[in-house]
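The values are calculated or read from the model by the stated rules, or taken from the named source; none is laboratory data. Predicted model, so just to flag it, every value in this text is computed and none were measured. Every residue, glycine as well, gets a Cβ built from its backbone with ideal geometry; the counts of neighbours run over all protein chains shown.
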Amino acid sequence: MNVIHGFELLREQQIAELNSLARWYRHVATGAELLSLINDDENKVFGITFRTPPPDSTGVAHILEHSVLCGSEKYPLKKPFVELLKGSLKTFLNAMTYSDKTVYPVASTNTKDFYNLVDVYLDAVFHPRISPEVLQQEGWRYEVNEDGSLGYRGVVFNEMKGANVSPDRVLYLAVQRSLFPGHVYSVDSGGDPAEIPNLTYEQFKAFHERYYHPSNALIFFYGDDDPEERLRLLDRVLAPFERIPVDSMIPLQPPLSEPQHVEAPYPAGPNSIDKHMVAVNWLLPNPPDIEEALALDILEHALVGTPAAPLRKALIDSGLGENLTGSGFARLRQTYFTVGLKGVKGENIGATEDVIIGTLERLARDGIDSQTIEAAVNTVEFQLRENNTGSYPRGLAVLIRALDTWLYGDDPLAPLMFEAPLRAIKQRLSAGERVFEHMIEEKLLRNPHRTTVVLVPDLELTNRQNAAERERLVAIRATLDEAQIAAINATAARLKQIQETPDPPEALASLPSLTIADLDRTIKTIPTEELAIGATRVLLHNLFTNGIVYVDIGMNLRVLPQEFLPYVTIFGRALLETGTQHEDVVQLIQRIGRDTGGIFPQSFTSAMRGRSIGAAWLFLRGKAIVEKSDALLDILHDVVLSARLDNRERIRQIVREERASREASLIPAGHTVVSTRLRARFSEADWVAEQIGGVSYLMFLRRIERTIDEEWETVRAVLEHMRARLIDRSALLVNVTVDAAGWERFRPHLEAFLDRLPVGTTIPAAWNPHKGAPSEGLIIPAHVNYVAKGADLYRLGYRLHGSALVVTRYLMTTWLWEQIREQGGAYGGFCSFDPRSGVFSYTSYRDPNLLRTIDVYDRSAAFLRQLDLSEKELTRAIIGVIADLDAYQLPDARGFTAMARFLVGDDDAYRQQVREEVLGTTPADFRAFADVLDIVRDNAALVVMGGEDAITAANQERSLFAEITRVL
């Protein structure tokens, strides 16, 4: 047996798809497994995963995920995770609880920083200081309210109170329960707020002892660091442990003998009366092999992945609902398929199920259109080859993919190698095999393990849940004597004292950290060349893109009258989803899938440096391999000039989908909703963003639905007028990201494309934004609140200095984290400063408080004034800002970022000046910013979204809101 630093090599293989050498090891002493991927990616990734099957819905796995990062044996701080957030160059730092596993990943492009993160995380998971007080803070605790009543507090408790009122999450949980009755997947691994208070400290501690052991660990490394150092450091950490038996394998679900129907309520507001959610679901009997898993990905795209996909199209065209539920194949120990509709009237529930079954039967019988299959195969293949993971490190996506098999005792390398299974699927299709039709028949239609889940809107559910919680607490309170109440108060006081007591200097010093000397003092630049092709501005970014060209066609929204702005999102989708002069919707979307890597609309709004007006653009963003770039541009030509903006039915469907989507996002993205709404009061660019994507946009969508039915010609005329104004090659901006060789091949096609576009004489329109009342309450059916408060610092006399970024970030990771999250029990408390607009704002997320949170915001200046900032703390704060400024990006994102800087005036000289001011931040800058926050306190606007009871009570106590609006 070949053993290296305590590890035996199980397998070594070159993975061409990832340009990586993979080594799969087992630690001899403990049985821990290691997947080590060696490549030239500077964005290094580490992850450690444990199988953590939850026994119930107390959220023990989730609470433990939070808790192990609250101090460890080697790093005896209260919150080393937050200290890392403050002062690391990390490109990813978090942890995730799934239905059957908990994953702890970190990433960094700096090798020293990377190994610092790895060391802290390994000590955290194996040697955490999970005291009763940690459970009380992160999980749940009793506290006595001012009126003597009993209440619950806790970060995860309030996080899940916020999460579990989202109808989409309610449906997700109901679907899993229906398919996995009595199984580990039938419980809520995140935690049900009604069950979380049943979790005892003994259960909490035992869960860690049972599952957080090397014998149950799957460890992952990826990137360009030294592969032998990985083994050395792991062996040092694992050496004290011995192998133990860990029973954590996930069993297969026994099959159902016949289909089941399940009903459940979801919390709804008056706008959701008689809007049901219907999902039909199948559990596949056996875990798929790698070829079958890839075929399922392709089938999902073919069935529901685009507006032209036959199952999605049948459901939308039926008119029975407003938008699809979260649909597709989900992978756990077994795979399941779910598809359904939102916004279904009670009388149409059966018809919705009939459409799903009937469409699948038709496709299995008559076949899926060959063009749809070709487009789906090309799209999935392009995604695999491009490996574009957005803001996530590529290595993290590789880890999650490997866990699809590795977690269940199978080969972790198999999901990473797609060439052979893809080739096999293509060969089967070329031979005439009905691959996907057979899968529909075998995996779905002949499969009796089927459930239909119906969520019924319940306008009183939130009130009943709140009442049940109050009754439970009243009953518990009645059983407590004075000594027990005193004990609860003592526990709360002890926790507060712990929370407010600073970590000792020696504990802080134990945490590994970079120094200012480890930082680059100069900005990172992105190659950008400004060109003119005829009358059109072109920005070129010469970057290696692995044979792909990324092109963004920018339309300047400033040429539109302001009353047209709410139409922008609809217009962008309509260009790609209504068909063209020569092809219907299905043919167009098949063509996009067949010939490109995708085309999608994206708006961009931002204040412009040193100007009172903002930048506002709509982009069509496309990508293709360079050899097919002419086909990409031909499609763009056809959609901008001949999209069927007169397609009334498709426009109606887009509006319904948009409305349903915005309503569904209000609760899970509540902090973004209130932040955008607040900032719209100060910045023209943020006002535009609110018009095309915020609460104002939602209200517009509700109105425009009626207008389409009653005054269609008005809507059509607006869309046509927008096209006439926006499609003007003298006003367009084209952004291209590709290497030099690719540009040489692409440029002639781009010149031909632009030459075929019309030239106009567009004149910017004058906008006069109505920015709303200074304070506003927004009512939704929720147990928690989202509280935003802020002001425009520039209007109040502040002049930009880069130190503001350091102070803001420090405030968020200290004062607000401690007061809003740890002591207040909210899931998050944030603040941000936009150097372009000058807007500073506070925001909270899934917050049980309202008035208390505002008070915390208002005491921020006092916190800064009394701050005794050590040199090490200041250094960490600076490092955290540099990490934000130097955020790692893939080539397409780098090209888009460079274009954004060009549009708003963030030139290199300005960016270098800000960087130098950041690096030169002093404690005096913190004290100076306290004066600024005093001005914010006295001149701020306020936007709060939350439950009616909370908003009404706060308004009665302090007369906070000039306007109160029900939005859901």
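Brief remarks follow.
- In region 173-195, the qualifying residues are those that are assigned to a helix (DSSP H, G or I) and not hydroxyl-bearing (S, T, Y), and the one that is nearest to N447 (Cα to Cα) is L179.
- For region 177-214, the set of residues classified as buried (at least 18 other Cβ atoms within 10 Å of the Cβ), under 30 Å from Q137 (Cβ atoms) and among the small types (G, A, S) consists of S189, G190, G191, listed by residue number.
- Scan of region 885-921 for residues that are among the small types (G, A, S) and either buried (at least 18 other Cβ atoms within 10 Å of the Cβ) or at negative phi (or both), ordered by number: A887, A893, G895, A898, A900, A909, G920
- Condition met for A268 (among the aliphatic types (A, V, I, L, M), surrounded by 19 or more Cβ atoms within 10 Å (Cβ to Cβ), closer than 24 Å to T452 by Cβ and in contact (Cβ under 8 Å) with a residue 40 or more places away in the chain): yes
- Residues that are under 30 Å from V453 (Cα atoms) and in a loop (DSSP other than H, G, I, E, B), drawn from region 233-261: S248, M249, I250, P251, L252, Q253, P254, P255, L256, S257, E258, P259
- Top-ranked residue of region 7-46 - restricted to ones that are in contact with a strand residue (DSSP E or B) (Cβ under 6 Å, 6 or more places away or on another chain) and part of a loop (DSSP other than H, G, I, E, B), ranked as surrounded by the most Cβ atoms within 10 Å (Cβ to Cβ): A32
- Looking across region 922-968, the residues that are of a type in the set (A, V, I, L, M), in a helix (DSSP H, G or I) and closer than 20 Å to L666 by Cβ come down to A950, I951, A954.
- 2 or more residues within 28 Å of L18 (Cα to Cα) and within 21 Å of the chain's Cα centre (by Cα): qualifying helices (runs of 4 or more DSSP H) within region 303-410: 370-386, 394-406
- Positions within region 235-263 being over 24 Å from G350 (Cα atoms) and small (G, A, S), in sequence order: A239, S248
- Output for region 97-153, where each listed residue is part of a helix (DSSP H, G or I), β-branched (V, I, T) and buried (at least 22 other Cβ atoms within 10 Å of the Cβ): V118, V120, V125, V134
- Residue in region 725-763 that is modelled with the lowest pLDDT, counting only those that are over 23 Å from F896 (Cβ atoms) and in a loop (DSSP other than H, G, I, E, B): T762
- Failed item in (1) in a loop (DSSP other than H, G, I, E, B); (2) within 20 Å of E873 (Cα to Cα); (3) in contact with a strand residue (DSSP E or B) (Cβ under 8 Å, 6 or more places away or on another chain), with Y75 passing the rest: (3)
- Flag for I708 being over 30 Å from S837 (Cα atoms), in contact (Cβ under 8 Å) with a residue 12 or more places away in the chain and of a type in the set (V, I, T): yes
- Some residue of region 423-431 being touching a residue at least 40 places away in the same chain (Cβ under 8 Å) and among the small types (G, A, S): yes
- Here T528 meets the list (1) in contact (Cβ under 8 Å) with a residue 12 or more places away in the chain; (2) out of contact with any strand residue (DSSP E or B) (no Cβ under 7 Å at 6 or more places or on another chain) almost entirely, failing just condition (2).
- Number of the exception - L968 against (1) among the hydrophobic types (A, V, I, L, M, F, W, C); (2) within 30 Å of S696 (Cβ to Cβ); (3) out of contact with any helix residue (DSSP H, G or I) (no Cβ under 8 Å at 6 or more places or on another chain): (3)
- Residue that is nearest to V673 (Cα to Cα), among those in region 774-824 that are in a loop (DSSP other than H, G, I, E, B) and among the β-branched types (V, I, T): I780
- Residue among P254, P259 that alone is in contact with a His (Cβ under 9 Å, 6 or more places away or on another chain), surrounded by fewer than 13 Cβ atoms within 10 Å (Cβ to Cβ) and under 30 Å from E353 (Cβ atoms): P254
- Test: residue in region 605-616 that is touching a Phe, Trp or Tyr at 6+ places or on another chain (Cβ under 6 Å) and not polar (S, T, N, Q): no
- Taken over region 443-456, the criterion of being without any contact (Cβ under 8 Å) to a residue 60 or more places away in the chain and either outside the structural domain of L303 (by TED's automatic domain parsing) or closer than 19 Å to H301 by Cβ (or both) is satisfied by no residue.
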